[in-house]
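S.K.: Below you will find the structure I want to go over with you.
Just so it is clear, none of the values below were taken in a lab; they were calculated from the coordinates. Keep in mind that this is a model prediction, so the values were computed, not measured. Neighbour counts are summed over all protein chains in view; Cβ atoms, including those assigned to glycine, are modelled from backbone coordinates with ideal geometry.
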Amino acid sequence: MMHMSPAALPSPQQGGSIRRLALMLRLVWREVPQSFGAFSILIACIALGVGAIMAVITLSRALEDGLIREGRVILGADAAFTLVQREASAEEKAALMRQGQVSQLIQARGMARSLGDDAVLVEIKAVDAAYPVAGSLVMAGETGPETRPLATLLAQDAQGRHGIVVDPILLGRLNIRIGDALRIGDGVYAVTATLTSEPDKLSGGLGFGPRVLMSAAGISTTGLLQPGSLTRFTYRLALQPGADEATLERALAEIAKAVPDAGWQIGTRLRASPNLQRQIAQFTQFLALVGLTALLVGGVGIANAVQAFADKQVLRIATLKSLGASRRFVFASSLLQVCAFALIGISIGLGLGLLLPRLAVGFAGDLLPFALDIRFHAQEALVGLLYGLSTTLTFALWPLLRARSIEASSLFRDDPAAPAWRGKLPDYALMALAILAFVLVVLLSASNQRIAGYYLLAASLALLTLRLVASGVMRLARAVPHPKMPVLRLALANLHRPGSLTPSVVLSLGLGLTLLVALSLIDLNLTRQFRAALPGIAPSFFFIDIPAREMDRFEAFLKEQSPAATIERVPQLRGRILSVKGVPASDLKGVERVSWVLDGDRGITYAQTPPEGSSIASGAWWGAEYRGKPLVSFAKDVAEGLGLKVGDEISVNVLGRIITAEIANLREVRWQRLGINFVMVFSPNTFAGAPFTYLATMALPASATPEMELKLAQALGKAFPAISAVRVKDALNAVDAIVSQLSLAIRVSSGIALLASILVLGAALAASARARQREAVILKTLGATRATLLKSMLVEYAALGGIAVVFGLVCGAAGAKLVVSGLMNLDFTWPLLPSLSIAILAFITTIILGLSGTWHILGQKPAPYLRHA
Amino acid sequence: MTPKAPAIAMQNVDLSLGSGAARVHILRGVTLEVAEGVAVGLVGPSGSGKSTLLMVAAGLERPNSGSVQVAGQELTGLPEDALARFRGQRIGIVFQAFHLIPTLTAEENVAIPLELAGVPDAFLRARAELEAVGLGARRNHYPGQLSGGEQQRVAIARALAPRPTILVADEPTGNLDEATGRDIINLLFALKRERGTTLLLVTHDMGLAALCDRVIRLKAGRIEEETALRGVA
């Protein structure tokens, strides 16, 4: 045999890269219209996932922008200075007035009674002539909009009654009309108009009763402004029109310098409602996690769609390789095609991200006092793009890398298919990079990176577990001895054969069901807690602002009304945490979980013995005769959130005095019992001589009826008009309404994740339809009846649905328990009937979807398929 | 005078596929030399290894042992991408099922190997090849718009466009009627003669095999018989 020197290997020609790129683009461009159907599920999955995430981001941005834009209106001024239980001194008022116009607001709670016996707890807001400093107050009269000035409406009438403008709810509750008289505390008032919209409503926080607007002179006749009563004095500062943030900062600095020890809570237009901002952040964080779940579930659909695409491309890829295409060329052209469709999905998702918030605002926009400006932001669109691309790469890379290994020799085979492939180190490195990119996009765009990180970890574990479960099921199905019944044999074979639905169904349905079960159980437990458990253990009434000198008489009165009732009472003051371990409250980091305790003033108390419903977790209680330096008992869960332990010091501002106390012990508090308990309980000597009021609870016996409660409330109103009574059932109803709205939001958003699961399931069924058609045709040719085929499919889908349901129930319940017990500190129960309902519904859905996808196959005639095979 | 090097030289080629109980010994110790410009017909019963031998010669299958040289280049040790490049420029393949890219026109299909090789005037050359197979007027038509015979002509043009050293054809008339198949074979041999390309042809048709310069009969993975029909080696 002759040997000659080998011909030089043809090397790539100069400019060849550009020509190859041009060929690649042409191939992709021509393939796109043909492949649209094949990629429709990929587009849908990406659109849904990106749309969900973008809707949350867009809504959150609009809410934040709205709060900042309307901050001045929400707050009622550029800055607000609030004192509890005392008015500002002349010096403090002067310091404020040097900076701009000042408007005073007094807020208190009281009982409003009609001239009959009905009584309702109301939130009183006493305003001055400058109110409102920002925004407009809209009122209604008897026949239409009220146009008279507020000062006229609040002035005294001929009978000496001060005018009040009330929440229209109050008219219904007390069965009165505009023009009727009302008693509030010791005073009598005339209802002159109703409130339609209040520009600074949000800055007042959650109230227990309807609003009543009156003048400063009017509130002084209520008898509610007693030393120690829970009255808030707010001073709203309006700077020169157009004052920027630097001017505001300067004004605040000058005020702080002039009266450094005022101890007031300061709000600015940039953080007009910290409570609402926190709630928005938490809610959007939750929605973002649901959107992320939809994206992850959709990722399974992406993987399936790309796998199906790659399977159909075997001949094309083999042909290109036979003509000289390198693996890189093959991989790049396939990736380009997938990314082209991903971009279509992302574009639709971005559109959904704008549309869904608008729809939400259309349904529920009147819940907010300001209009939301939903608009396109380039930065957010970039985030959506990154989400979509990183998800696509994470889930599409593996099937594309596998397709790259298709050999040109496939063209010579009768049934060409992608070869078995395990991948090499560079492939795994590329996959790792794609996953890292996805993780980075999620973490960097999350408002709470810790929660996002935990969630990603949990979701990854769930996906991995599901994949292992699917593999386990397939192995088991393979290992099980062949059943004698053909139906079972066929079904079993379908569970583990190449191209089986098992991984897709278990992954997508399993993940979607886990989320649905978890959210449903959280919802059920919250509802049970509020509707069933709490009313049984909570007191019947809370009484607030009981003057110290009246407490004994009040308690005697209650005992007389209901001898069998249990009455508890504690002294109450209001205080605000100024510093923790020497660090000012405003400088504390990493305390997001308990940041609510630092926002504004809190109820505090003092006691000789530990309160009911709590136990000492660490440290020791002070002795009954203790007279040393101020000590404080701190609620353990809050202390842990603030990084506090026994021996640490905190400073609080109470009635203008700064008290520094050492933590003597930490208490475990069972908040859900709704008994009297406080975050901070001080040693009795701490507030010696300070004015205070009492807070009391009354638990009527179980035999008490709602009519008895109402009668008691009426009697109370007559005997003690200045004492406010909160009927716990009313409060629970108010919270229940909020929880119901929250539940609705939870269900809607979990529906999105479930929709993604169903999409993916549908895609998996569609992808396998061709193979099933061929199989069904051959089986029919060999004598299988439609009934046999149908039964085997039924068994197969029932098995798959059952596996996904079991996984969803177990993991969903575990997740719900973690949230309910671990995070919310509530008792967790696993209600059987609702869980079974979800399980049965999901089970039936899997079977229906599976059968509907394959039903038409059963009726196909064999000849056309056999002719073209 | 130094004898010319063979276009194809195989030495003791062994190839098995599958694993375990499913492992099949396809080629057993095949040794073969084909001179430049010669047409070789590969015949034999189904499963004799004809198509596999073709794939080995085209660099589409790697033997488990032995040596395969095409145009003096040893193929067995070449990395995959280098092999793809070599194949694109030195080896033309004509398939029974044509395997044209359905979303590209006839001209674009023919241009693919040239574009992959980075040839600057790929489309001009593609057009010339289509003219040579009589389809110049159909260059902007898609495969779906062409008859079977026309598609095979495009495939032949595509295979010959890079001026390959060897042309392998696997049952090129298998999907065509008799008359069209005859036309295709005439075209194939005419172009082969014109360009001095070495042709390796798998066929069940003994009449077609008789047109070749040599016929190699395979049985059970071995060369059973070689017949020189026209006095060439």
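S.K.: Please state, rounded to one decimal and in Å, the Kirkwood hydrodynamic radius that the stretch A:230-315 gives when every pair of distinct Cα atoms enters the mean of 1/r.
M.R.: 18.5 Å
S.K.: Peptides B:209-219, A:105-115: what's the order by average Cβ count within 10 Å, highest mean first?
M.R.: Answer by packing, highest mean first, reads A:105-115, B:209-219.
S.K.: Also: What Rg and what Dmax come out for the protein assembly as shown when only alpha-carbon atoms are used, in angstroms?
M.R.: For the protein assembly as shown, the Cα radius of gyration and maximum Cα-Cα distance read 41.3, 137 Å.
S.K.: Evaluate peptide A:398-409: per residue, the Cβ atoms of other protein chains within 10 Å of its Cβ; return the mean as an integer.
M.R.: Average per residue, whole number: 2.
S.K.: Place the peptides A:686-697, A:748-759, A:371-382, B:9-20 in order of packing, highest mean first, counting for every residue the other Cβ atoms within 10 Å and averaging per peptide.
M.R.: A:748-759, A:686-697, B:9-20, A:371-382
S.K.: When the label point is put 7 Å from the Cα of A:Gln561 along its Cα-to-beta-carbon vector, which residues of the stretch A:111-139 have a backbone N closer than 20 Å?
M.R.: A:111-123
S.K.: Which shape class applies to the stretch B:87-215: rounded if a/c is under 1.5, otherwise prolate when a/b exceeds b/c and oblate if not, where a ≥ b ≥ c are the square roots of the Cα gyration tensor eigenvalues?
M.R.: Judged from the Cα gyration tensor, the stretch B:87-215 comes out oblate (a/c at least 1.5, b/c at or above a/b).
S.K.: Assign unit charges at the C-beta atoms only (+1 for Lys and Arg, -1 for Asp and Glu), then state the dipole size of the stretch A:69-121 relative to its Cα centre in Debye, rounded to the nearest 20.
M.R.: Value, rounded to 20: 140 debye.
S.K.: Between A:Trp671 and A:Ser40, how high is the FRET efficiency from 1/(1 + (r/R0)^6) when r is the Cβ-Cβ distance and R₀ = 41 Å? Nearest 0.05.
M.R.: FRET efficiency, A:Trp671 to A:Ser40: 0.20.
S.K.: Rounded to whole Å, give me the distance from the Cα center of the stretch A:145-220 to that of the stretch B:30-57.
M.R.: 103 Å
S.K.: Quick one: length gained pulling A:Met431 to A:Arg657 fully straight, 0.36 nm per residue minus the C-alpha distance?
M.R.: Extra length available between A:Met431 and A:Arg657 comes to 75.3 nm.
S.K.: Now a separate question. Using label points projected 7 Å from each Cα along Cα→Cβ, tell me how many nm separate A:Glu87 and A:Arg177, to one decimal.
M.R.: The answer from the label model is 3.8 nm.
S.K.: To the nearest Å, what is the center-to-center distance of the stretch A:305-326 and the stretch A:483-506, using C-alpha atoms only?
M.R.: So the two Cα centres are separated by 28 Å.
S.K.: Spin-label point model (7 Å from Cα, Cβ direction): what's the A:Ala140 to B:Arg163 distance in nm?
M.R.: In this crude label model, A:Ala140 to B:Arg163 measures out at 9.1 nm.
S.K.: Ignore the peptide's own chain and count Cβ atoms of other chains within 10 Å of each Cβ in B:45-55; give me the average, rounded.
M.R.: 1
S.K.: Let me ask another. Leaving out same-chain residues fewer than 8 places away, which aspartates and glutamates sit with a Cα under 17 Å from that of B:Lys192?
M.R.: List returned: B:Glu36, B:Glu129, B:Glu131, B:Asp170, B:Glu171, B:Asp183, B:Asp213.
S.K.: Pairs A:Lys424/B:Lys50; A:Lys312/A:Lys484; A:Lys424/B:Lys219; A:Lys201/A:Lys718; A:Lys257/A:Lys629; A:Lys125/A:Lys729: which are spaced more than 26 Å apart, C-alpha to C-alpha?
M.R.: Violating the 26 Å Cα-Cα cut-off are A:Lys424/B:Lys50; A:Lys312/A:Lys484; A:Lys424/B:Lys219; A:Lys201/A:Lys718; A:Lys257/A:Lys629.
S.K.: Using modelled amide H (1.01 Å from N, peptide plane; none on Pro or chain starts), what sits under 5 Å from the amide H of A:Ala112, excluding residues fewer than 5 places away?
M.R.: Under 5 Å from the amide H of A:Ala112 lie the amide H atoms of A:Val120, A:Leu121, A:Val122, each far enough along the sequence or on another chain.
S.K.: Other chains near B:100-108: what is the mean number of their Cβ atoms within 10 Å of each residue's Cβ?
M.R.: 4
S.K.: Could you work out [θ]222 nm for the protein assembly as shown from helices alone, using -39500 (n - 2.57) per DSSP H run of at least four and dividing by all its residues? Round to the nearest 500 deg cm²/dmol.
M.R.: Computed mean residue ellipticity for the protein assembly as shown: -16500 deg cm²/dmol.
S.K.: Charges at C-beta only: +1 for Lys and Arg, -1 for Asp and Glu. How large is the resulting dipole of chain A about its Cα centre, in Debye rounded to 20?
M.R.: For this selection, approximately 4100 debye.
S.K.: So what does log10 I(q)/I(0) come out to for the stretch A:84-164 at q = 0.14, 0.17 Å⁻¹, using the Debye formula with one equal point on every Cα and no solvent?
M.R.: Log-scaled intensity ratios, in q order: -0.71, -0.98.
S.K.: Over all directions, average the projected area of the Cα convex hull of the stretch A:456-585 and note it in nm².
M.R.: Seen from a random direction, the Cα hull of the stretch A:456-585 projects 17.9 nm² on average.
S.K.: Right, next: Calculate how steeply helix B:178-195 sits against the longest principal axis of the alpha-carbon atoms of chain B, using the helix alpha-carbon long axis, and give the answer as 0 to 90 degrees to the nearest 10.
M.R.: Long axis of B:178-195 versus the principal axis of chain B: about 80 degrees.
S.K.: Turning to a different aspect of this structure: What distance in nm separates the two pseudo spin-label positions at A:Ser220 and A:Leu832, each 7 Å out from Cα along the beta-carbon direction?
M.R.: Here the modelled spin labels are 6.8 nm apart.
S.K.: Between the helical axis of A:378-403 and the dominant principal axis of chain A, each derived from Cα atoms, what acute angle in degrees is found, rounded to the nearest 10?
M.R.: Roughly 30 degrees between the two axes.
S.K.: Hey, for a label at B:Ala228 modelled as a point 7 Å past Cα toward Cβ, could you say which residues of the stretch B:15-32 have their backbone N under 18 Å away?
M.R.: B:31-32
S.K.: For chain B, what D do you get in µm² per second when you plug the Kirkwood radius from alpha-carbon pairs into Stokes-Einstein at 37 °C and 0.692 mPa s?
M.R.: Answer from the Stokes-Einstein relation: 182 µm²/s.
S.K.: Taking N as the number of residues in the stretch A:456-499, what is its alpha-carbon radius of gyration divided by 2.2 N^0.38 Å?
M.R.: Relative to the 2.2 N^0.38 Å estimate, the stretch A:456-499 comes out at 1.47.
S.K.: Still on this model: What's the center-to-center distance, using Cα atoms, between the stretch A:458-477 and the stretch A:80-115 in Å?
M.R.: Result: 62 Å between the Cα centres.
S.K.: Answer with one residue from B:Ser48, A:Ala756, B:Gln151: the one whose Cα lies farthest towards the positive end of the charge dipole of the protein assembly as shown, charges on Cβ with Lys, Arg +1 and Asp, Glu -1.
M.R.: B:Ser48
S.K.: Right, here's the next one. Going by average Cβ density within 10 Å per residue, which order do the peptides A:444-455, A:92-103 take, highest to lowest?
M.R.: A:92-103, A:444-455
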